[in-house]
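Laboratory data are not the source of any read-out in this text; all were calculated from the coordinates shown. Just so you know, these numbers come straight off a predicted model, no measurement behind them. Backbone-built Cβ (ideal geometry, glycine too); neighbour counts: all protein chains shown.
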Amino acid sequence: MSAGCGPRAGRPGTSACGPPPTALQRLACGLAVQDVVILRNEGQIISLQRYKCAIATSLLAGMVHLLKYASRSFQEITSLLSLCGGQFSGEQEIRVYSPFWILNIPSEEMARGLMKRTVCAKSIFELWGHGRSAGELYASLKNYPTEKMLPYLQSDSTYKVHIHTFNKTLTQAQKIKKIDALEFLPFKGKVNLKNPEHIFWILEDYGMNPNDVPEEPIHLYFGRWIADGQRELIESYSVKKRHFIGNTSMDACLSFIMANHGRVKPNDIVYDPFVGTGGLLISSAHFGAYVCGTDIDYNTIHGLGKASRKNQKWRGPDENIRANLRQYGLEKYYLDALVADSSRPIWRKGMLFDAIITDPPYGIREAPRRMGSQKETVKSVERSTENHFFVSSSYHLSDIFFDLLKFGAEYLVMGGRLVYWLPIYRPEYTEEIIPRHPCLKLISNCEQMLSSHTSRRLITMEKVKEFKDQDENSYLLDGQYMPYRGHNSFREKYFSGVTKRIAKEEKDNQK
């Protein structure tokens, strides 16, 4: 392990400084070796004034993405704000599908910290004025305190003004006319279009319907640019460029959204019980967390077997999770990956993990498996000492989520988060089928459509109550915590829909 700052103080066996070995000791103390085959500042407030910031997620390339992930964008910003100590403004209702949101953030430093994490927001601005018409915007700007404007409008400063419209294109002449209408603002500096000290934006929202664009914007904003988000991470961490991938490697954008939902921060320990090729570990390591995982698939953990890439038959000798983190300069945050059965926890009792972030198998591309019965396992050990393979049996989805929540309740630190994907057959969906545990509070529930009849929901839960061994299953007497068995037939329902769609397409083609 490389040098750096280790897990936070305040836990048994840890210190304020010095990473693993302290992190490794914490995990080593929690590892039950007999049950596993081991393979291998607070920000300083600049002023008492609270910044009003309009988050702009409205550049066309970004907005196409955000319309798919609108609710996840909202929850990502909410999680990061709670991590930073900010909150949404109470001045207006937040429209989840609007490209512009107003936030309350105590300081500009905190706003910059937020934008260093988010992959959903394009930019953040100090809001000087807004309104439902140009007249309302100008009136709002005239009421903005001059003393707050003056530091950015001095005669020895340089600036430029941008204009951006959402869902409408303006001519250059129209843009210049709108910029000239702001001549009442006390700009004293010089215009510098190439390298200005201060950048100001006019933002116009023309609604979400491209087939019904109004003549005038439904809302206008004016503000000073503070910082851009981290959307370039989506490209730099793209799965297409990754050294080691599998059939179910998580999209880079979703990986970062999950890490932000989990409020991952430097020196955390993050665990993935269905680690696969380790895609979810990479985003957490990028934010400075130490990462580890387990998986029942021996070949995946070792980087053996057939390759998932086109025109490549077998995986290379260096295709593994460690190599992926090395590719991005994150190897120092890699603890280990183990072959283990998630239904049989390998860790000793105790609160070990700051976040558990995972994507359990649904049975579509990868079959959910666990170790076989005791009788089968004994036989398999006798005949598989050479090739390391053991017998596995099917693992029902309802059991996967029951075990996952129980594991999170037991091994998360207080306030730690469990983030996972839950596959859903949409015609049967209700809030009641979301798995629950009395030690875990549901924080968010966001949908991603897979087809007309199936979707998966990104579930975020937070540990709010200490786990007690003596009544670990007594909560099942309460009906709201009983596992929903309907999850077990998700595979059949998924493929029945696919079969019906193919049959319909063939029928339509015959007409």
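Under a Cβ-only charge scheme (Lys and Arg +1, Asp and Glu -1), can you give me the dipole magnitude of the stretch 174-250 about the Cα centre, in debye to the nearest 20? Provide the component values of the computation, followed by the final result.
Numbers: 11 positive and 11 negative charges, 109 e Å.
The dipole of the stretch 174-250 has a size of about 520 debye.
If packing is taken as the average count of other Cβ atoms within 10 Å, what order do 267-276, 193-202 fall into, highest mean first? Could you put the intermediate results ahead of the total?
On the way: 267-276: 25.6, 193-202: 15.2.
Output ranking for 267-276, 193-202: 267-276, 193-202.
So for each of 203-210, 234-241 I average, over its residues, the number of other beta carbons within 10 Å; can you give me the resulting order with the highest mean first? Intermediate values should be presented prior to the final figure.
Working: 203-210: 17.4, 234-241: 13.5.
Result, highest mean Cβ count within 10 Å first: 203-210, 234-241.
How much FRET efficiency would the formula 1/(1 + (r/R0)^6) give for residue 466 and residue 426, where r is the Cβ-Cβ distance and R0 is 30 Å, rounded to 0.05? Don't jump to the answer; show the numbers that get you there.
On the way: r = 36 Å, r/R0 = 1.20.
Plugging the Cβ-Cβ distance into 1/(1 + (r/R0)^6) gives 0.25.
Between the alpha-carbon centers of the stretch 268-309 and the stretch 189-235, tell me the distance in whole angstrom.
Between the Cα centres of the stretch 268-309 and the stretch 189-235 lies a distance of 38 Å.
Where does each of 140-148, 405-413, 437-445 land if you order them by average Cβ count within 10 Å, highest first? Please list the in-between numbers first.
Values: 140-148: 12.1, 405-413: 22.1, 437-445: 18.6.
Packing proxy ranking, top to bottom: 405-413, 437-445, 140-148.
Considering only the other residues whose Cβ falls under 13 Å of the Cβ of residue 192, what net charge follows from Lys and Arg at +1 and Asp and Glu at -1? Could the numbers behind the result be given before it?
On the way: positive: 160, 190, 194; negative: 156, 197.
That works out to +1.
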